[in-house]
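The structure under discussion appears below in the form of C-alpha cells.
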Amino acid sequence: MTTFRFDGTTYTAQAGDTLAAALLRNGIGLVGRSFKYHRPRGIMTAGVEEPNALVTVGEGGRAEPNTRATDVFVYEGLVAKSQNRWPNLSFDVGAVLGLAAPALSAGFYYKTFFGSAKKWMFYEYFIRKAAGLGNAPTLADPDRFSQRAAFCDVLVVGAGPAGMQAALDAAESGKRVILVEQDNILAPSLLRDRQEQDADWINATAERIRAAGGVILTRTTASGYWEHDLVTLTQRISEPGQIPAQGVAQRLWHVRAGQVILATGSIERPMAFAHNDRPGVMLSQAVRTYVHRFGVVPGKRVVIATNNDDAYKSAQALKDAGAHIVAILDARPAPAGANSGHRVYNDAVPLSTKGARHCLKSVSALVDGKAMDWDADLLAVSGGFTPVVHLHMQAGGTLDWNEDAQAFIPASSRQNVTTIGGAAEPQAIFQMVPVSSPKKSFIDFQNDVTLADVDLAWAEGYRSVEHLKRYTTLGMATDQGKLSNMAALGRLAEKQGVAIPEAGLTTFRPPYTPVTMGLIAGASAKDAGAHVRRLALYDLHAAKNPIWQPLGYWFRPRAYPTGGETLAQAALREAKAVRNNVGMTDVSTLAKFEVSGPDAAAFLEIICATTVNKLAVGRGRYTFMLREDGFVFDDGTVWRLDKNRYLLTSSTGGADRMATHISYVRQFLCPHLRVSAVNVQEHYAGIAVAGPQAKAVLATLIGEEPPRHMSTVPAAIAGVPVIILAASYSGERAFEIYVDASQAEAVWAACEAQVNEAGGALYGLEAMEFLRIEKGHLVVGGEVDGRMTPHDLALDKMLNKAGGYIGASGLARPALSEAGRRQLVGLEAIAGDIPEGAMLIPSEGASPQGHVSAAAFRIIAGGSVALGQLTDGFSRHGEILIASSPTRGQQARVRVVAPHFYDAAGERYRD
Amino acid sequence: MMRIPCPHCGPRAQSEFIYERTVDSVVPLDAPSQEAMTKLFTRNNPRGVDEEIWRHTYGCRAWMVLTRHRVTNEISECRAIGPEALP
C-alpha cells in the first residue's frame with residue numbers, strides 16, 4: 001500500500017499503479033481543466049497519449065508540470081496537483097470562458113492581433129491568466145541528469161510481443177541489441193489483453209535476450225530519431241518529482257544503431273461527437289488496461305461505441321469484472337458483433353453525452369437513423385487505431401495509406417529502419433463520418449479544438465493542413481496531436497472532397513513525448529554551462545582577491561581593490577599609477593601565433609592587410625586583418641623574431657575565430673606555401689609593464705638596455721627565458737613580456753617586486769580600458785564592430801598598396817569608401833558624463849547619426865571623454881551633438897574631436 | 001546528428017566537427033572583385049548533392065571536403081585537404 005496526495009488530500013494506491021489508475025481507484029473522475037474553455041476533464045487513456053489528465057508532480061525545484069497522470073507511477077509520498085484552475089478544480093472561475101466559447105474559436109489570437117493594439121493588451125492580460133498549463137518551477141532542480149553514448153547493432157523500440165521477438169532473434173544471432181520500452185513493464189499489451197499464458201513467455205524471452213548479451217531498458221522512451229541512425233532515449237530512473245535513490249533522476253542516451261526496428265504499436269482513436277470530452281468518456285483499450293492490469297473498474301453501467309472488433313474484448317473484460325454492459329454501439333452494419341453475447345446496436349453512431357462536473361450520466365446515439373439514449377457512467381470508445389509512425393517519419397520515411405484500417409502505415413525510409421507488429425499492420429475498422437453537432441465535438445482535447453473550429457478554418461480559406469494546424473492550434477499541444485491529427489485530416493478531406501491521403505500530413509518532429517529541460521542540459525547546467533579557461537597566473541591573481549571579469553571563456557582581473565575601494569576607485573588608482581609611475585597587468589589571453597618558414601612573410605601578407613615583409617629582424621608593427629568582404633576583422637601586432645620566424649598577436653575575444661581563420665587560409669587557400677602557423681596563445685603567458693618608470697623597471701629585470709618602442713629582444717628574467725616586445729596599448733612607454741606559461745609565476749613575481757619597488761601598482765581590465773580610450777586605441781568588439789572598414793577607422797594609409805591580402809577585393813567595392821559612412825571620432829563632454837552606448841543626435845528627437853562605443857574620462861585631468869562612430873565623422877570635428885541614452889536615462893552635450901585625448905604625437909613612447 | 005567519416009580518424013559524430021562553408025563559396029586568393037563577391041554572397045544551394053568544407057575541431061583538427069546529399073544527408077565522400085593531401 002502506497003500513499004500519495006492529490007490536491008492536498010491523501011489517498012492510497014496499489015503497487016504498480018499509475019497515478020491515473022490510483023485516482024480512478026479512489027473514484028476521482030475530475031482530474032484537470034481544459035486549456036482554453038476550462039472544461040472539466042477526466043482520464044481518457046492509459047498511456048503517453050493522454051491529453052486531459054495533466055498534473056504537476058513533485059514539489060519545489062523537483063516539480064514537473066504537465067505530467068500525464070497515465071505516465072507516472074505512484075511512489076510513497078507522491079504529491080500531485082491539478083492545473084489550470086482557480087480557486088480549485090471543482091469550482092473553477094475560468095470555466096465561465098466555456099460560456100464564451102464562440103468568441104474563442106479558431107484563429108482567436110490572430111483576429112485579436114489585427115484589432116487595435118489596445119484591445120490586444122486588454123485581452124492578453126486575461127488570456128495569460130486563463131489559458132495555460134502548469135507553472136514551471138522557479139527553484140533550481142536539485143537532481144542530476146546524466147547523458148550517455150551507446151552503440152549497438154540493433155535497436156528495438158517497443159517491447160511488445162513483436163519487439164521482444166525481434167530483439168531475441170537479433171541477440172541470439174550474435175548481434176549487440178538494445179531493447180527499449182517506455183512502460184515500466186515488458187509487453188504491457190499482453191497484460192492488458194490478459195493472456196495469462198504469456199507471463200512465462202515474457203520472462204523467458206527477457207531472460208534469453210539478457211543471456212545473449214542484450215540490454216533491456218524499461219521506463220525508457222525513444223524520443224527522437226536523428227540522422228544516420230542516431231536515436232535519443234530518455235530514461236526515467238526515478239519517477240517525476242521523486243527523490244532519486246542515486247542522485248540521478250533521468251538519463252539521456254545517444255544511441256548510434258546499425259539497424260533500428262520499430263515495434264511501437266498503435267494508439268486508439270477517440271470518436272468525434274458532442275461532449276465527447278466529459279469525465280467518464282474513455283478509450284476502450286484504456287478501460288481494458290485499467291480492468292486487467294490495475295484491477296480498477298472505471299464504471300458500473302457501460303456503453304461502448306466502436307467501429308471495430310477490438311472493443312468487444314473490453315466489453316468482455318468489463319463484464320467479467322462485474323460491470324453492466326448497457327449497450328454496444330457498433331458503427332458497422334449487422335451482423336457485426338452478432339454473436340458477442342452483448343446488446344449490440346448496429347449502424348449506431350454516438351451523438352452526445354450528458355453528465356455532471358465529475359461524471360457521465362447518459363449517452364445518446366443515432367441508431368440506424370433514429371435517436372436513442374441510455375443511462376451510463378462510462379462510455380468506452382474505439383474509433384480505430386493510429387500506428388505510431390513518429391520515429392519512422394523523424395527518420396525521413398514515407399507513408400502508405402491502408403484503406404482497411406483507415407490509417408497511415410510506414411513505407412520506405414532512407415535510414416536503416418523497419419517497422420514491425422501493430423504499427424505496420426493496424427486492425428481493420430469501419431470508416432465512419434461524424435454526425436453529431438460539430439460545436440462541442442472535440443478532436444484536440446488538450447488545445448480545445450472542435451470540429452467546428454476545423455470547419456471555421458476551412459470557411460475562412462485555410463486549405464493546407466499546415467495552415468489549418470497553425471490557425472486552429474490543432475496538434476500543437478504537449479501531446480502533439482497523437483489522438484487528434486487523424487480526426488482533423490478526416491474532416492479536412494471531407495471538406496475538400498478528397499481521400500485522406502490527399503489531404504496531406506503535418507511534420508512529425510522530436511521529441512515523441514515531452515522531455516524535461518534538465519535532461520537536455522545534463523551535466524552542462526548551473527556553473528558547468530560554459531567551460532572556464534584559467535590564466536596560467538590564476539592562483540597569483542586569486543590570492544589578491546580581485547574583481548573578476550569574464551572575457552569569452554576566460555576570467556581576468558578587472559581591478560584589484562584594496563582597503564574597501566570600489567571598482568571605480570580601484571581602477572582609477574591603477575590607471576593613475578600607469579600614467580604617473582608604472583603598472584603591470586596580465587595580458588596572457590591575447591591571441592598569439594608563431595608563423596615560421598621560408599614563406600612566413602608571404603603568408604602573413606595574406607592574413608594581414610598591412611605590409612610585413614619589409615620588417616627588419618627584431619622589429620614589430622601594428623597590423624590589422626580584414627574579412628573576405630573587406631571589413632576589419634581583428635587587429636594586433638606582428639613581430640619578426642628571426643629571419644623566417646614571426647610572432648603575430650591579435651585580440652583575446654577574437655582568438656578562436658582568428659585561429660580558425662588562419663588555419664583555413666593555410667590549409668585550404670594556400671597549402672602550397674612553406675610555412676607553419678602554430679597557435680601559441682596558451683603556450684605563452686604575457687605580462688605588460690607600462691608607465692614612465694617601465695623602462696627602468698625592465699632594465700633592472702633583464703640587466704640590459706630594454707628595446708626601443710616597437711622592437712623585440714630575447715632576454716631572461718629570474719633566470720627564465722622571455723621575449724620582450726616593446727609595445728604600448730596604454731599610451732605609455734610599455735613592454736610585453738612573453739614567457740613559457742609553466743614558468744610564468746617566477747617572472748610575474750620578479751616583475752611585481754620591481755614594480756612595487758618603483759611604487760607602482762597592478763592594474764586590471766577596467767584601468768586598461770580607461771587608458772586605451774584616453775589614448776584612442778581600438779578594441780575589437782567595440783570600435784571594430786564588424787561594420788567598419790579601414791577607411792572608417794582611419795587605418796587606410798597602412799593598407800598594403802600591393803594588395804594580395806584577404807579582403808582586398810571586397811574592400812575595392814566603391815560603396816565601402818563613399819561618403820555617408822560611419823567614421824571613428826572622439827567625443828568630449830561639454831556638460832554631463834557621456835553614457836556608454838548612447839546614440840549621437842544633433843538635436844532632441846532627431847534620427848541617430850552614430851553612437852558611443854566606449855566612454856571613460858581623462859585620467860589625470862578629469863572630464864568625460866569617449867570614442868564613437870559618427871556619419872562622416874572625420875569632417876565634423878568641432879560640432880556639438882547630444883549623446884543620449886534613453887535606456888539609461890542619461891544624456892550629455894558633446895563636442896566631436898579627433899579620437900586622441902592623450903599624447904596625440906606619441907612622444908611618451910620615445911626615450 | 002550525422003556520422004562523418006573523417007579521412008584521418010574514421011567515422012565520428014557530427015558534434016566533433018564544425019562546418020565552414022560550401023566549396024562553391026571558397027574565394028580564391030587571386031579572384032577578381034566581382035567573382036569574389038559572387039562567391040561570397042551567391043550560393044547554389046542545390047536540392048541534392050553539394051560539396052562542403054568541414055573541420056574535425058574536436059578530433060584531429062584537420063579540414064576536409066564532404067560530399068553530402070542535402071536532403072537525405074547521405075555522405076558519399078569525405079576527402080582530406082591541406083598540405084599533406086597535395087599530390
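Of everything in the stretch A:598-627, what is within 22 Å of A:Glu682 (Cβ to Cβ) and not hydrophobic (A, V, I, L, M, F, W, C)? Give them in sequence order. Across the stretch A:598-627, the qualifying residues are A:Gly620, A:Thr623. One residue stands out among those in the stretch B:43-62 that are among the polar types (S, T, N, Q) and within 24 Å of A:Gln667 (Cβ to Cβ): the one that is nearest to the other protein chains (Cβ to nearest Cβ), which is B:Thr57. Please work out if A:Ala829 is hydrophobic (A, V, I, L, M, F, W, C), under 30 Å from A:Pro692 (Cα atoms) and open to solvent by 70 Å² or more (accessible area, probe 1.4 Å). It is false that A:Ala829 is hydrophobic (A, V, I, L, M, F, W, C), under 30 Å from A:Pro692 (Cα atoms) and open to solvent by 70 Å² or more (accessible area, probe 1.4 Å). Total residues in the stretch A:659-673 satisfying the condition of being at the interface with chain B (Cβ under 9 Å from one of its Cβ atoms) and either charged (D, E, K, R) or part of a helix (DSSP H, G or I) (or both): the figure is 8. Pick from the stretch A:803-820 the residues that are away from chain B (no Cβ under 14 Å) and open to solvent by 50 Å² or more (accessible area, probe 1.4 Å): which of them is nearest to A:Gly862 (Cα to Cα)? The selected residue is A:Ala819. Sub-6 Å Cβ pairs linking a first residue in the stretch A:657-679 that is without any contact (Cβ under 8 Å) to a residue 12 or more places away in the chain to a second residue that is in a helix (DSSP H, G or I) and open to solvent by 50 Å² or more (accessible area, probe 1.4 Å), at least 6 apart or interchain, number zero.
B:Arg12 - would you say it is open to solvent by 20 Å² or more (accessible area, probe 1.4 Å), more than 11 Å from chain A (Cβ to nearest Cβ) and either of a type in the set (Ser, Thr, Tyr) or under 23 Å from A:Glu227 (Cβ atoms) (or both)? No; evaluated as a whole, the condition is false for this residue.
Matching residues to (1) in contact (Cβ under 8 Å) with a residue 24 or more places away in the chain; (2) open to solvent by less than 10 Å² (accessible area, probe 1.4 Å); (3) outside the structural domain of A:Arg858 (by TED's automatic domain parsing):
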position: A:Ala543; (1), (2), (3): no, no, yes
position: A:Ile547; (1), (2), (3): yes, no, yes
position: A:Gly552; (1), (2), (3): yes, no, yes
position: A:Leu567; (1), (2), (3): yes, no, yes
position: A:Ala571; (1), (2), (3): yes, yes, yes
position: A:Ala577; (1), (2), (3): yes, no, yes
position: A:Asn581; (1), (2), (3): yes, no, yes
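For the condition open to solvent by 40 Å² or more (accessible area, probe 1.4 Å) and out of contact with any strand residue (DSSP E or B) (no Cβ under 7 Å at 6 or more places or on another chain), A:Asp320 qualifies.
Only one of the numbered conditions (1) open to solvent by 20 Å² or more (accessible area, probe 1.4 Å); (2) out of contact with any Ser or Thr (no Cβ under 8 Å at 6 or more places or on another chain) is violated by A:Arg256, and that is (1).
Name every residue in the stretch A:267-305 that is open to solvent by 10 Å² or more (accessible area, probe 1.4 Å) and touching a Cys at 6+ places or on another chain (Cβ under 7 Å), in order of residue number. Hit for the stretch A:267-305 is A:Gly280, nothing else. Just checking, does the stretch A:163-172 include any residue being of a type in the set (Gly, Ala, Ser) and surrounded by fewer than 21 Cβ atoms within 10 Å (Cβ to Cβ)? Checking the stretch A:163-172: not a single residue is of a type in the set (Gly, Ala, Ser) and surrounded by fewer than 21 Cβ atoms within 10 Å (Cβ to Cβ). Checked against (1) in a loop (DSSP other than H, G, I, E, B); (2) among the hydrophobic types (A, V, I, L, M, F, W, C); (3) at negative phi, A:Phe770 meets all criteria but (1).
Within the stretch A:770-789, can one find any residue that is without any contact (Cβ under 8 Å) to a residue 40 or more places away in the chain, open to solvent by 30 Å² or more (accessible area, probe 1.4 Å) and acidic (Asp, Glu)? Checked the stretch A:770-789: no residue is without any contact (Cβ under 8 Å) to a residue 40 or more places away in the chain, open to solvent by 30 Å² or more (accessible area, probe 1.4 Å) and acidic (Asp, Glu).
Among the residues of the stretch A:790-802, those identified as more than 14 Å from chain B (Cβ to nearest Cβ) and open to solvent by less than 20 Å² (accessible area, probe 1.4 Å) are A:Pro790, A:Asp792, A:Leu793, A:Leu795. Residue count for the stretch A:853-881 satisfying the condition of being closer than 11 Å to A:Glu774 by Cα, of a type in the set (Gly, Ala, Ser) and surrounded by 19 or more Cβ atoms within 10 Å (Cβ to Cβ): 5. Listed by first and then second residue, the pairs with beta-carbon distance under 6 Å, at least 6 apart or on different chains, first residue in the stretch A:322-337 and among the basic types (Lys, Arg), second open to solvent by 40 Å² or more (accessible area, probe 1.4 Å), are A:Arg332/A:Phe430. I'd like to check something: does the stretch A:691-699 contain any residue that is within 14 Å of chain B (Cβ to nearest Cβ), at pLDDT 95 or above and either part of a loop (DSSP other than H, G, I, E, B) or in contact with a strand residue (DSSP E or B) (Cβ under 6 Å, 6 or more places away or on another chain) (or both)? No, the stretch A:691-699 contains no residue that is within 14 Å of chain B (Cβ to nearest Cβ), at pLDDT 95 or above and either part of a loop (DSSP other than H, G, I, E, B) or in contact with a strand residue (DSSP E or B) (Cβ under 6 Å, 6 or more places away or on another chain) (or both). Could you please let me know if A:Arg619 is within 44 Å of the chain's Cα centre (by Cα), open to solvent by 20 Å² or more (accessible area, probe 1.4 Å) and not aromatic (Phe, Trp, Tyr)? Against the criterion (within 44 Å of the chain's Cα centre (by Cα), open to solvent by 20 Å² or more (accessible area, probe 1.4 Å) and not aromatic (Phe, Trp, Tyr)), A:Arg619 does not qualify. Screening the candidates A:Ala715, A:Ala741, A:Ala734, A:Ala699 for the property of being farther than 30 Å from A:Glu836 by Cβ, open to solvent by less than 40 Å² (accessible area, probe 1.4 Å) and touching a helix residue (DSSP H, G or I) at 6+ places or on another chain (Cβ under 9 Å) yields one hit, A:Ala715. Under the condition of being basic (Lys, Arg) and in a helix (DSSP H, G or I), the residues counted in the stretch A:588-614 number 0. Taking the numbered list (1) under 23 Å from A:Thr513 (Cβ atoms); (2) within 26 Å of the chain's Cα centre (by Cα); (3) modelled with pLDDT under 95 in turn, A:Thr138 passes all entries but (1). For the residues A:Arg888, A:Arg822, A:Arg910, the requirement of being of a type in the set (Lys, Arg) and in contact (Cβ under 8 Å) with a residue 60 or more places away in the chain singles out A:Arg910.
Where residues in the stretch B:63-87 are more than 7 Å from chain A (Cβ to nearest Cβ) and of a type in the set (Gly, Ala, Ser), which of them is nearest to the chain's Cα centre (by Cα)? Per the criteria, the residue is B:Ala80. Go through the residues of the stretch A:843-854 one by one and say whether even a single one is touching a residue at least 60 places away in the same chain (Cβ under 8 Å) and either on the phi < 0 side of the Ramachandran plot or out of contact with any Gly (no Cβ under 6 Å at 6 or more places or on another chain) (or both). Yes; the residues of the stretch A:843-854 include at least one that is touching a residue at least 60 places away in the same chain (Cβ under 8 Å) and either on the phi < 0 side of the Ramachandran plot or out of contact with any Gly (no Cβ under 6 Å at 6 or more places or on another chain) (or both).
Scanning the stretch A:835-852 for residues that are open to solvent by less than 10 Å² (accessible area, probe 1.4 Å) and more than 25 Å from A:His791 (Cβ to Cβ) turns up just one, A:Pro835.
Selection of the stretch A:622-658 for residues being among the small types (Gly, Ala, Ser) and within 10 Å of chain B (Cβ to nearest Cβ) yields only A:Gly630. Residues in the stretch B:22-34 that are at the interface with chain A (Cβ under 9 Å from one of its Cβ atoms), under 19 Å from B:Glu51 (Cα atoms) and surrounded by 13 or more Cβ atoms within 10 Å (Cβ to Cβ): B:Val26, B:Val27.
The values are calculated or read from the model by the stated rules, or taken from the named source; none is laboratory data. None of these values were measured; they are calculated from a predicted model. FYI the Cβ positions are ideal-geometry reconstructions off the backbone, even for glycines, and counts take in every protein chain you see. Surface accessibility is based on the protein's heavy atoms, side chains included, excluding ligands, DNA and RNA. Shrake-Rupley method; radii C 1.70, N 1.55, O 1.52, S 1.80 Å.
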